[in-house]
Amino acid sequence: MFRFFTKLDYLLRETFLGLQRGGWMNWAAISTVTVLLFLFGIGLQTSWHLEGLLNQFGSQLEVSVYLETGVGAETLKPIVEKIPEVATVQGIPKETAWASLVKELGISDLKDVTRQLEGNPLVDELKVKAKSSEMVPPLAKKLKALGGVENVQYVDEAVKQIAQLNRGLNWVSLAITSMLTLTSMAVINTTIRLIVMARRREIEVMQLVGATSSWIYFPFVLQGVTFGVVGATIAWGFIRSVEQFLQNQLSQQADFVQFLATGLQLKPGNAIALPLILLGFGGSVGLMGSLFAVRRFSTR
């Protein structure tokens, strides 16, 4: 145990010494990683927010299923409930729909209107909610194929546009993240190489006394990981600040904007996952950048 703590103390001291030698190059590496992770975190958070808003809007985008004359809502309701994409099904008898329509039109005498039209002209209806907005189009096709269904209506274009917006943002985020990841790795690689070159005499002495390459260069790898972790921490702080600012601004606006502000609140699971993802991503970028740097020296 004593030997383990001795080695750990040496690695930490060497890592800290290397960071001191890095000077302003440390901040160049950390700031690059911070920008990368800030944009990555904003993109990921935006995707989660948009998905949450999609689910909120999607829960209100019901599929209206109008049945053929003589077919009751209660007859098809059990069949529709068994469809995998279905969340809930509400049956609306034509009598209920007719009474609601007459009330909306402001007609007081329901019997006279029914008598003039020679009965109730409406048909039974099913209000079907999908489990997610992306399931609405395939669900509508399955419902239309059922026997006894005369017509199916839903907001097809709105669902498609929202889904396309989400996919487009994901592709843009992926492209920006990929470019900045390569840039961050290149900056960390250059920083570690400069630190190694600044300590080359110490490294030569260590090699002469028999120190292995892994023991010599492992502190430099830890420095790269430190760049990533520190950058992730700063990026998370910036993201939280931006999120709080937007929520405060939106909460003072109209009701619909307040509804959007509520949608900006992450789920508890996502709120915990985001900083962990940033730390993991930042540490990985720092690890890869430093490994590429020390590999070039260790193979000489």
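What follows draws every value from the coordinates through simple rules; no lab data is involved. Keep in mind that what you see is a predicted model, and the values were worked out from it rather than measured. Methodologically, a virtual Cβ is constructed for each residue, glycine included, from the backbone with ideal geometry; neighbour enumeration extends over all protein chains shown.
Measuring against 30 Å, Cα to Cα, the residue pairs LYS94/LYS267; LYS94/LYS131; LYS129/LYS267 contain LYS94/LYS267 as the ones spanning a longer distance. Put simply, when 279-290, 220-231 are sorted by average Cβ atoms within 10 angstrom per residue, most first, you get 220-231, 279-290. In terms of other Cβ atoms within 10 Å, ASP9, ASP124 run from fewest to most in the order ASP9, ASP124. For ALA130, nonlocal amide neighbours, meaning residues 5 or more places apart or on other chains whose placed amide H falls under 5 Å from its own, are VAL63, ALA87.
Take each peptide in 195-206, 174-185, 24-35, count the other Cβ atoms within 10 Å of every residue, and average; sorted highest first, the result is 24-35, 174-185, 195-206.
When the Cα centres of segment 194-214 and segment 27-53 are compared, how far apart do they sit, in Å? Using only Cα atoms to place each centre, the spacing works out to 37 Å.
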